[in-house]
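The values are calculated or read from the model by the stated rules, or taken from the named source; none is laboratory data. A quick note: this is a predicted structure, and the numbers were derived from the prediction, not measured. FYI the Cβ positions are ideal-geometry reconstructions off the backbone, even for glycines, and counts take in every protein chain you see.
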């Protein structure tokens, strides 16, 4: 090669290098922007979801964990009852007042509270409203076209011409009542007319101070249930007095009171309760009063409540809703509070309907527990005495639907608000101490109601602790619950209230420990097989707690008791079954029987072993055989989906014992069936609109199940913090826990089936997340598709950990 040619090639090469170095770099494709999260989650909340079809929710105004819940009480023509457990059914369009307290989705009818309905009435009060037993005169119809509700505010235009606009803070509320001009404008205070009735009530009207004060002595949750002791039901009793103090912006033109059928125009004081019975025994009884205003127009009322005293109710009112407040200002502040709570679990990329269903479910999940303490820190204890909350405690919380909530709601609460969960745990411990050491199964406020079965406080506190709620007296709580699980409580040897509201914690404990199951014929419980399953899970969760707390002695003592469920599994039939003290099985067994069970069948309860899926599979002939059995639980004989309830042999989305069952496929090595089954339930059992819940919300339990299902994560077992994987319906989920930990879930689509998962950028071959994800945070990325991947997360070594 000539030198000139060589020099030319060299120059060309050098030029190419210089061009490559000096030329601007080719543009690199930018990473796709993350899917935006919903900016105003409160705008997606529809408080009317679940207000019919047995959901037992209500649309009124409340704040997160609020003491006051101001919502309408409907009437179908019976003043001693209500068309739904919590006073409101969407299909009934007549109401008799706006009550100050409610519990979300309780199953007993009537439910808890509904205290002090306040009714705007146009016309002269000439007869006793209590004598209007069919709610014909002192009530009003309305149209849903004139009704609206959002987080913290409720508004309705009644057909009597009055527009009612309500907003609340935590312990107080403000209402504007716009009466027709020139009308006889009156507000009736039905002080004795709580949903369950009342033992006593009082009203005091002070025209010079423009105030109405009063109280009602009531309680009685589930006191009417036929399977709870009938006329001797132990919960047909009073266990709280609600006090209220209302002040108005206008002078009273007239006052009046009534007691039973006697009406006293000009009266200012009245007393008298209704009793706790129904129908003719209660009709026409009770007391209340009214205040009237000249010429109609707008009337503004500020009201506070307390479980301690009238003075405390007034102090709560003036601190939270001062004289300068308006309905708009109070509603705006409470809406902001709701957006703070709802925004802890941000979602994006979902359909409008699913986003509405989702944020409404979060909203319903965070109504309870409810604040119990006044602003000065005092609260009513389980012993009916006034106590002061502990130093450092942020709030005292009450109303705990134990048997329901420990399966989903407490996990969601602990996920989002471990600080509130810690205060709730401390509250429960103190209520137990005030109740002679007994942790009741169902607390209304702080009071024991004895409702349901098992020992739900144990898995509740164990789960709180596992999920990071440690700001309570951990050692004292563990010791107290272990004592109840190891030392016979005398009350637990009684049949009082059985079935349904048996008095004691850990019924017939000594016999249970000797037999290693609850004998159905002598257990003093709702059902022996159910009690065995509940106690097994409770003891397992206590063992997990003990292990975390460094109590190896308790761990070794309690862990074997987590296997006692095997002693009521009858291998001859392949199901859980009622067993007698002599070791024999209850005669007449069929899988659809409810003998030995509580609000469920053997077919449902047989799957209630989330702590030992592998052990259950072994008894069923192995994982493939168990998965085939589980297929039959979710499908009918023709292979069609059967997940809407109504068949004792199939899955029931309306009640708690089986709501974890769709997730059991993960432990059986067939996670694609979890994905399909959960999605089917999400899309058919749940929805939007008044019928959007499959059944009783049970203080947010069913709503919490939906929240977990929608984000593709579900708590594996009480007492631990692992999360099972399904498939999210949103492209992006960001959970900002109150303790500063952030959890992120991403998905490429809203398809049903998992094709692969990454955890913090690394491929994940397991269908579950370790506790470290919840404790330290991280990012889970789903690749979803329209067809099942039957190889992902199926190896035996990758299945969720048992024991």
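Examine region 618-626 for a residue that is under 15 Å from residue 653 (Cβ atoms) and either modelled with pLDDT of 95 or more or over 30 Å from the mean Cα position of the chain (by Cα) (or both), and state whether such a residue exists. Scanning region 618-626 turns up no residue that is under 15 Å from residue 653 (Cβ atoms) and either modelled with pLDDT of 95 or more or over 30 Å from the mean Cα position of the chain (by Cα) (or both).
With the structure loaded, tell me whether residue 688 is part of a loop (DSSP other than H, G, I, E, B), under 19 Å from the mean Cα position of the chain (by Cα) and under 25 Å from residue 418 (Cβ atoms) or whether it fails that test. It is false that residue 688 is part of a loop (DSSP other than H, G, I, E, B), under 19 Å from the mean Cα position of the chain (by Cα) and under 25 Å from residue 418 (Cβ atoms).
Could we say that residue 356 is under 16 Å from residue 733 (Cα atoms) and in contact (Cβ under 8 Å) with a residue 24 or more places away in the chain here? For residue 356, the condition - under 16 Å from residue 733 (Cα atoms) and in contact (Cβ under 8 Å) with a residue 24 or more places away in the chain - is met. Restricting attention to region 342-368, the residues that are part of a loop (DSSP other than H, G, I, E, B), within 23 Å of residue 738 (Cα to Cα) and modelled with pLDDT of 95 or more total 4. What about residue 191, is it in contact with a strand residue (DSSP E or B) (Cβ under 6 Å, 6 or more places away or on another chain), in a loop (DSSP other than H, G, I, E, B) and touching a residue at least 24 places away in the same chain (Cβ under 8 Å)? The answer is yes for residue 191. On the stretch given as region 501-520, residues that are out of contact with any helix residue (DSSP H, G or I) (no Cβ under 9 Å at 6 or more places or on another chain) and farther than 20 Å from residue 568 by Cβ total 1.
Does region 595-611 contain at least one residue that is without any contact (Cβ under 8 Å) to a residue 24 or more places away in the chain and surrounded by fewer than 24 Cβ atoms within 10 Å (Cβ to Cβ)? No, because not a single residue in region 595-611 is without any contact (Cβ under 8 Å) to a residue 24 or more places away in the chain and surrounded by fewer than 24 Cβ atoms within 10 Å (Cβ to Cβ). Assess whether residue 387 counts as being closer than 15 Å to residue 240 by Cα and without any contact (Cβ under 8 Å) to a residue 60 or more places away in the chain. Against the criterion (closer than 15 Å to residue 240 by Cα and without any contact (Cβ under 8 Å) to a residue 60 or more places away in the chain), residue 387 qualifies. Criterion first (under 30 Å from residue 85 (Cα atoms), at pLDDT 95 or above and in a loop (DSSP other than H, G, I, E, B)) does residue 49 satisfy it? In short, yes.
Quick check: is even one residue across region 457-465 more than 20 Å from residue 718 (Cβ to Cβ), touching a helix residue (DSSP H, G or I) at 6+ places or on another chain (Cβ under 8 Å), assigned by TED's automatic domain parsing to the domain that holds residue 599 and modelled with pLDDT of 95 or more? Checking region 457-465: not a single residue is more than 20 Å from residue 718 (Cβ to Cβ), touching a helix residue (DSSP H, G or I) at 6+ places or on another chain (Cβ under 8 Å), assigned by TED's automatic domain parsing to the domain that holds residue 599 and modelled with pLDDT of 95 or more. For region 407-426, filtered to residues that are touching a strand residue (DSSP E or B) at 6+ places or on another chain (Cβ under 9 Å) and assigned to a loop (DSSP other than H, G, I, E, B), the residue that is farthest from residue 505 (Cα to Cα) is 408. When every residue of region 692-701 is checked against the conditions, at least one turns out to be touching a residue at least 60 places away in the same chain (Cβ under 8 Å), touching a strand residue (DSSP E or B) at 6+ places or on another chain (Cβ under 6 Å) and outside the structural domain of residue 400 (by TED's automatic domain parsing).
For region 516-536, the tally of residues that are surrounded by 21 or more Cβ atoms within 10 Å (Cβ to Cβ) and farther than 18 Å from residue 601 by Cβ stands at 6. Tell me which residues, restricted to region 427-450, are surrounded by fewer than 23 Cβ atoms within 10 Å (Cβ to Cβ) and in a loop (DSSP other than H, G, I, E, B). Selection gives 435, 436, 437.
Pairs are defined by a Cβ separation below 7 Å, a sequence spacing of at least 6 or placement on different chains, a first member in region 239-254 that is free of Cβ contacts under 8 Å to residues at least 60 places away in the same chain, and a second member that is in a loop (DSSP other than H, G, I, E, B); the pairs so defined are 248/210; 251/210; 252/210; 253/294. Looking across region 507-538, the residues that are in a helix (DSSP H, G or I) and within 26 Å of the chain's Cα centre (by Cα) come down to 529, 530, 531, 532, 533, 534, 535, 536, 537, 538. Total residues in region 746-803 satisfying the condition of being in contact with a helix residue (DSSP H, G or I) (Cβ under 8 Å, 6 or more places away or on another chain), assigned to a strand (DSSP E or B) and under 26 Å from residue 562 (Cα atoms): the figure is 1. Scan region 453-486 for residues that are on the phi > 0 side of the Ramachandran plot and surrounded by 24 or more Cβ atoms within 10 Å (Cβ to Cβ) and the total you get is 1. For region 273-284, residues that are more than 33 Å from the chain's Cα centre (by Cα) and crowded, with 18+ Cβ neighbours inside 10 Å total 0. Here the condition is being more than 27 Å from residue 701 (Cα to Cα) and buried (at least 24 other Cβ atoms within 10 Å of the Cβ); of 325, 319, 313, 332, it holds for 313 alone. Does residue 257 qualify as being in contact with a strand residue (DSSP E or B) (Cβ under 9 Å, 6 or more places away or on another chain), farther than 30 Å from residue 401 by Cα and modelled with pLDDT of 95 or more? Spelling it out, residue 257 is indeed in contact with a strand residue (DSSP E or B) (Cβ under 9 Å, 6 or more places away or on another chain), farther than 30 Å from residue 401 by Cα and modelled with pLDDT of 95 or more.
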